[in-house]
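Remarks on the structure that follows.
The values are calculated or read from the model by the stated rules, or taken from the named source; none is laboratory data. Keep in mind that what you see is a predicted model, and the values were worked out from it rather than measured. Every residue, glycine among them, receives a Cβ derived from its backbone with ideal geometry; neighbour counts consider all protein chains shown. Calculation scope for accessible area: heavy atoms of the full protein, side chains included, ligands and nucleic acids excluded. Shrake-Rupley method; radii C 1.70, N 1.55, O 1.52, S 1.80 Å.
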Amino acid sequence: MTTFVDRVELHVAAGSGGHGCASVHREKFKPLGGPDGGNGGRGGDVILTVDQSVTTLLEYHHSPHRKATNGKPGEGGNRSGKDGQDLVLAVPDGTVVLDKAGNVLADMVGHGTSYVAAQGGRGGLGNAALASARRKAPGFALLGEPGDLGDVVLELKTVADVALVGYPSAGKSSLISVMSAAKPKIADYPFTTLVPNLGVVTAGETVYTIADVPGLIPGASQGKGLGLEFLRHVERCSVLVHVLDTATLESDRDPVSDLDIIEAELREYGGLDNRPRVVVLNKIDVPDGKDLAEMVRPDLEERGYRVFEVSAVAHMGLKELSFALADLVAQARAARPKEEATRIVIRPKAVDDAGFTVTREEDGLFRVRGEKPERWVRQTDFNNDEAVGYLADRLNRLGVEDELMKAGARGGDGVAIGPEDNAVVFDWEPSVSAGAEMLGRRGEDHRLEESRPAAQRRRDRDAERDEAQREFDGFEPF
């Protein structure tokens, strides 16, 4: 049964916003007490957060579909809907978030680091929020926006200071077991290590982590063996340690050729040329291994490597190796830029950007793209004529009709608002300005603009009195 997973594809869905409510306040002697529909709640976000207690992506391998809750719709009496609850997903330290094309979206290192993988939709406004001096009683409300949908790839890269690389059965697991408190599986057959193992080593005042990467073989960078699955775990390490077997039973292998093959695979994988290398000649407790180590050591030192002869079984040479690695780790840490305290930086998305474009496509269709018009279309209930009129007024004020005219659009031409896979298409009819004073504004409720009977009777009496006064002033005596 798989207990370690370092790469998964996660299907995330944020919560949709709740719909706004269209309601009119009613009480005795007030048949039209005014709009009182509340706003819909915001949809929940899907947030990835680094948790030090999590070491694998196994949970998301078994349950790759995750969805946040939706916002509740608004209600009458100016009651807004409840916001959806954010879904927080814990991921291991060192997780890289990518899209399906392989582009890096976030590199999550450090406890508490967060990334919003899917953003919840905005709640729709109720008719109380849409009321104005000209539109006193809207008979509609805005719909909630759908939440983001998407697929992200999570890749785990081990956060360690030192990485042990080498052929299978070179003694890497034995080495990490005696240098730290790690307890990896150790056996006398290849590919005993199937997952990276981490251990903590203390050398003087320096404490560093060491990773045992599953054995590499020729062609690992192209996917042979287990190398390609776990080479990513050495990317964050500051020091690479070549563990070479001096007591191998294979006649066609020797420590120098093993080193050349592993170095070739690391170069093919890329991005590891600037890491300091250390060579460990393991299994010198075997007589033939000790002789072979003494033979190849001068050649390796001529190439510029620091060479250590050790035996994980007999605990020989481990102290010198651990302190040498501690010095290299300390130098790498000192060379890093000084880390500043984490600050919370809020960069809200410009959802109210008024920019938009109008393009004419080959089939004669005019396409409108922009944050505002596309959001307005998503929030419009096209079963409500008043809501459609409100949308038309908003687009006209934004300047969409003017741009359509400049682009050569005429009445009856097809206009699409939104992307090709999710657009609203309609036959465009320009707004009529002549006689608009008789038609009134689209989406208005004329019932509340009529005068009350008593006030109208008073204005009629005033008009009659004024007319009688003008006739009297114009009377000339004989």
Hey, can you rank 288-298, 63-73 by average C-beta count inside 10 Å, highest first? 63-73, 288-298
Tally Lys and Arg at +1 and Asp and Glu at -1 over the other residues with C-beta under 13 Å from the C-beta of L58: what net charge comes out? -1
Phi-derived 3J(HN,Hα) across the stretch 331-337 with the Karplus relation (6.51, -1.76, 1.60, θ = phi - 60°), rounded Hz, x for Gly and Pro, is 5, 5, 5, 5, 7, 6, x
Measure of exposure for H62: accessible area at 1.4 Å probe, Å² rounded to 10, is 120
Under 5 Å between amide hydrogens, which residues at least 5 positions from S169 or on another chain qualify, with H placed 1.01 Å from N in the peptide plane? F191, T192
Once the other residues with Cβ under 15 Å from the Cβ of V207 are scored (Lys, Arg +1; Asp, Glu -1), what is the net sum? -2
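Accessible area of the stretch 40-193 with a 1.4 Å probe: how many percent of it is carbon plus sulfur?
The C+S portion of the solvent-accessible surface of the stretch 40-193 is 51 percent.
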Check which residues have an amide H placed less than 5 Å from R79's amide H, if you skip close sequence neighbours. G38
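Which net charge results for the neighbourhood of G411, defined as the other residues with beta-carbon distances under 12 angstrom from its beta-carbon, given Lys and Arg at +1 and Asp and Glu at -1?
-3
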Students often forget the sequence filter, so: which aspartates and glutamates lie under 13 Å Cα-Cα from K100 once same-chain residues fewer than 8 apart are removed? E9, D151, E155
Hey, what did the stretch 1-156 get for relative contact order, percent, Cα under 8 Å, at least 6 apart? 37
Arrange the residues M108, M179, M316 by how much accessible surface each exposes, largest first, with a 1.4 angstrom probe. M316, M179, M108
Do any of K67/K157; K372/K406; K67/K372 go past 23 Å between their Cα atoms, and which? K67/K157; K67/K372
For peptides 27-39, 365-377, sequence by mean Cβ density within 10 Å, most packed first: 365-377, 27-39
Can you list the residues, at least 5 places off or on another chain, whose amide H is less than 5 Å from the amide H of T95, using H built in the peptide plane? M108, K157
